[in-house]
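Comments concern the structure below.
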Amino acid sequence: MSRLDCCNSLLSRLPASTVNILQRVQSAAARLIYNLKSCKHVTVLLKQLHWLPVKERVQYKLCMIMYSIHFGLAPLYIIELVSTVAAHTSCPGLRSADMINYVQPWTRTKFGERAFLYAGPAVWNLLPDDLRRTPTINSLKRKLKTYLFHLCFYLILFFIFLLRIDICTAPMFLFL
């Protein structure tokens, strides 16, 4: 599992086919811990283990790096990669100058969106404002993991719920 977390911010915005391979590794580790067969569904196991799926682990790592940049805890060469919207705008009176958003540079390709100077601000700007204003790194770790955990698993449950509704109501629409 530690290999999944090592430098995983480099996995940002990879195609789903690549991330799914790593997700299968994580699922296999959860099955190994609970000694289950490979045919069993693993979402409940991940929830019991409090493990974020791979995609959310990458977002977590990017947010932690952006937090350290925002509060000046990161090395200078990383801090110089990104700039705030307030420092970048030519009109200092804009409402966006009060926010803690970072500039997402324009890229020509999807490959360019994988770079940290695009992916880091993109993930950071999507966070709720109360998370971005968290005063200590330990409280941010706890709040961010809870936020991503609920966001991920409630989204999965929502899609499962939608699939069950479609299966149940499909025959009814055939007769209309």
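Quick notes on this structure:
- Entirely in the range 1-70, the helices (runs of 4 or more DSSP H) that have 2 or more residues that are in contact with a Ser or Thr (Cβ under 8 Å, 6 or more places away or on another chain) and crowded, with 20+ Cβ neighbours inside 10 Å: 54-70
- Members of the range 101-116 that are surrounded by fewer than 17 Cβ atoms within 10 Å (Cβ to Cβ) and free of Cβ contacts under 8 Å to residues at least 40 places away in the same chain: 105, 106, 107, 108, 109, 111, 112, 115
- Between 31, 57, 24, the distinction of being modelled with pLDDT of 85 or more and touching an Asp or Glu at 6+ places or on another chain (Cβ under 9 Å) belongs to 57 only.
- Of all residues in the range 26-54, those satisfying the criterion of being of a type in the set (Lys, Arg) and either more than 20 Å from the chain's Cα centre (by Cα) or assigned by TED's automatic domain parsing to the domain that holds residue 140 (or both) are 31, 37, 40.
- Options 1, 66; residue that is closer than 21 Å to residue 148 by Cα and in contact with a Pro (Cβ under 8 Å, 6 or more places away or on another chain): 66
The values are calculated or read from the model by the stated rules, or taken from the named source; none is laboratory data. Treat the numbers as computed from the prediction; the structure is a model and nothing was measured. Note: ideal-geometry Cβ built from the backbone for every residue, glycine included; neighbour counts use all protein chains shown.
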